[in-house]
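A short write-up of the structure that comes next.
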Amino acid sequence: MQKIEFNADVDSFKNDNKDITTITLKALGKDVSLNQLREMKETASIHVIIESNQTELIEDDQ
């Protein structure tokens, strides 16, 4: 299993009419190995974990 870690900001996300979610991330190029990303895209599916460094609470509107 290959692992790649980098810091990024969520640029956008959307859900289409087939219930497919697309998440676009923004990261500094020096932090991301494009060769490793290309290899992973061509040879395997990936498992994604998104973690936040958020420290303040967000009020729940429910």
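Of all residues in region 23-37, those satisfying the criterion of being at pLDDT 90 or above and among the charged types (D, E, K, R) are 26, 30. Summed over region 15-32, the residues that are under 14 Å from the mean Cα position of the chain (by Cα), under 16 Å from residue 48 (Cβ atoms) and not in a loop (DSSP other than H, G, I, E, B) give a count of 6. Within region 36-58, the presence of a residue that is open to solvent by 90 Å² or more (accessible area, probe 1.4 Å) and in contact with a strand residue (DSSP E or B) (Cβ under 6 Å, 6 or more places away or on another chain) is excluded.
The values are calculated or read from the model by the stated rules, or taken from the named source; none is laboratory data. For clarity, every value in this text was computed on a predicted model and none was experimentally measured. For neighbour counting, all protein chains shown are included, and Cβ atoms are generated from backbone atoms with ideal geometry for every residue, glycine included. SASA here: full protein model, heavy atoms, side chains in, ligands and nucleic acids out. Shrake-Rupley method; radii C 1.70, N 1.55, O 1.52, S 1.80 Å.
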